[in-house]
Amino acid sequence: MNATLPTADALRSALAGLLDGLPPSQAAQAVDRLIANYRGTTPTDAPVLRDRSDVAAYAAYRMPATFEAVRSALGALRDAAPGWTPATHTDIGGGTGAATWAVAEAWADESPRTTVLDWAEPALALGRELAAASGVPALRAARWERSRISASLRLESSDLVTVSYVLKELTEADRAAVVAEAARTAQTVVIVEPGTPDGYARIIEARDRLIGAGLTVAAPCPHSGDCPIVPGTDWCHFAARVSRSSLHRQVKGGSLPYEDEKFSYVAATRFPPEPASSRIVRKPQIRKGLVLLDLCEPEGALTRTTTTKRHGELYRAARDAAWGDAWPPHTG
């Protein structure tokens with residue numbers, strides 16, 4: 001292919017080309033095992049992705065969704081740091097490179113220099129192939145290095161460090177050490193986990209460590225104080241719409257042309273960000289003549305606001321607002 005941007009469509013095309021020869025039954029078996037690991041207790045003494053068929057199935061099963069989740073988190077980061085551009089990027093536990101594709105799209109004009117670290121060589125190998133097939137210079141120039149993601153990890157300084165869907169695979173001690181190492185070496189850290197109660201708990205744990213290391217929360221929270229959600233009563237998460245190719249639907253056993261990827265995330269910076277005035281933390285409820293918005297506020301409180309027709313432009317903006325958006329919208 002001859003893509004010029006690392007878009008979702010370009011990623012799906014690259015996946016289709018590389019996975020064309022994988023028997024569907026073999027892909028389905030690998031996906032079943034990977035789903036069990038993804039939803040259950042993942043072993044931490046060996047890579048989850050064992051061989052090329054595992055990696056190919058994983059790429060079809062998870063890469064489009066991971067790309068969209070990280071893409072959404074990076075969009076919120078860019079809104080909070082509009083003048084900041086990373087020159088270097090390290091993707092911890094990057095596997096086949098979904099986060100790397102999202103970073104390359106977010107800063108397509110600047111082309112950050114990326115290093116992908118993972119301990120599964122088959123994942124790195126497929127990631128290289130996908131990058132080569134992308135037609136995107138920044139992806140083709142990425143370095144893919146085998147590294148054990150554990151407390152022994154040591155990083156070079158990097159403007160941006162991403163850690164997406166990795167913390168679940170680590171022991172508690174390794175999670176703490178990896179987050180601390182990311183905070184030590186990076187100007188900005190973005191961590192994404194599944195949008196489940198335990199995924200949110202890992203994000204809150206990481207958020208606390210990043211703040212303790214001197215970073216400031218840029219997104220999604222409009223503050224760096226304690227999360228106002230009472231533990232065990234709810235969890236903060238968002239959703240990204242994922243367009244699914246025919247190959248993706250075949251491997252995942254679905255029929256719809258899309259799915260919604262639920263995820264939790266935190267983005268934190270060593271420079272002063274411009275966080276959202278408030279964040280919409282639930283799907284807006286549109287009623288006749290009014291819209292109900294659940295917000296996380298800069299004072300560290302959860303509130304519900306009602307916008308009605310008499311609010312004019314603000315009401316129209318509320319009807320168009322989405323879960324995860326900043327509120328109120330920029331009007332300049």
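So which residues in the stretch 100-121 are under 13 Å from Ala138 (Cα atoms) and among the hydrophobic types (A, V, I, L, M, F, W, C)?
So the first thing to find is which residues in the stretch 100-121 are under 13 Å from Ala138 (Cα atoms), and the list is 100-116.
Selection gives Trp101, Ala102, Val103, Ala104, Ala106, Trp107, Ala108, Val116.
Applying the selection to the stretch 169-187, what residues are over 22 Å from Val103 (Cα atoms), within 18 Å of the chain's Cα centre (by Cα) and in contact (Cβ under 8 Å) with a residue 40 or more places away in the chain? Write out each step before concluding.
Step one: filter the stretch 169-187 for residues over 22 Å from Val103 (Cα atoms), giving 169-177.
Adding the requirement that they be within 18 Å of the chain's Cα centre (by Cα) leaves 169-170, 175.
Answer for the stretch 169-187, where residues must be over 22 Å from Val103 (Cα atoms), within 18 Å of the chain's Cα centre (by Cα) and in contact (Cβ under 8 Å) with a residue 40 or more places away in the chain: Glu169, Leu170.
Restricting attention to the stretch 170-180, which residues are more than 16 Å from Ser264 (Cβ to Cβ) and among the charged types (D, E, K, R)?
Within the stretch 170-180, Glu172, Asp174 meet the criteria.
Go over the candidates Arg184, Arg175 one by one and state the one that is touching a helix residue (DSSP H, G or I) at 6+ places or on another chain (Cβ under 6 Å), outside any loop (DSSP other than H, G, I, E, B) and open to solvent by 30 Å² or more (accessible area, probe 1.4 Å). So that I can check it myself, show each step before the final result.
Numbers: Arg184 fails: touching a helix residue (DSSP H, G or I) at 6+ places or on another chain (Cβ under 6 Å).
After applying the criteria, what remains is Arg175.
Scan the stretch 308-319 and give yes if some residue there is closer than 26 Å to Ala81 by Cα and crowded, with 21+ Cβ neighbours inside 10 Å, otherwise no.
Looking through the stretch 308-319, at least one residue is closer than 26 Å to Ala81 by Cα and crowded, with 21+ Cβ neighbours inside 10 Å.
May I ask you to say which residue of Arg113, Arg128 is at pLDDT 95 or above and either in contact with a Pro (Cβ under 7 Å, 6 or more places away or on another chain) or open to solvent by 20 Å² or more (accessible area, probe 1.4 Å) (or both)? Give the steps one after another, and end with the answer.
Details: Arg128 fails: at pLDDT 95 or above.
Checking each option against the conditions leaves just Arg113.
Between a first residue in the stretch 135-157 that is open to solvent by 100 Å² or more (accessible area, probe 1.4 Å) and a second residue that is assigned to a loop (DSSP other than H, G, I, E, B), which pairs have beta carbons less than 7 Å apart while being 6 or more apart in sequence or on different chains?
Listed pairs, sorted by first residue: Arg146/Trp119; Arg148/Trp119.
Out of (1) open to solvent by 10 Å² or more (accessible area, probe 1.4 Å); (2) free of Cβ contacts under 8 Å to residues at least 60 places away in the same chain; (3) within 17 Å of Thr162 (Cα to Cα), the odd one out for Pro197 is which?
Looking at each condition in turn, Pro197 falls short on (3).
Which of the residues spanning the stretch 245-264 are open to solvent by less than 30 Å² (accessible area, probe 1.4 Å) and modelled with pLDDT of 70 or more?
Glu261, Phe263, Ser264
Confirm whether Ala239 is at pLDDT 95 or above, surrounded by fewer than 19 Cβ atoms within 10 Å (Cβ to Cβ) and within 28 Å of Ala59 (Cα to Cα).
On the way: at pLDDT 95 or above: yes; surrounded by fewer than 19 Cβ atoms within 10 Å (Cβ to Cβ): yes; within 28 Å of Ala59 (Cα to Cα): yes.
Spelling it out, Ala239 is indeed at pLDDT 95 or above, surrounded by fewer than 19 Cβ atoms within 10 Å (Cβ to Cβ) and within 28 Å of Ala59 (Cα to Cα).
The values are calculated or read from the model by the stated rules, or taken from the named source; none is laboratory data. Every value quoted in this text rests on a predicted model; they were computed, and no experiment measured them. For neighbour counting, all protein chains shown are included, and Cβ atoms are generated from backbone atoms with ideal geometry for every residue, glycine included. We work out accessible area using only protein heavy atoms, side chains counted, and drop any ligands, DNA or RNA first. Shrake-Rupley method; radii C 1.70, N 1.55, O 1.52, S 1.80 Å.
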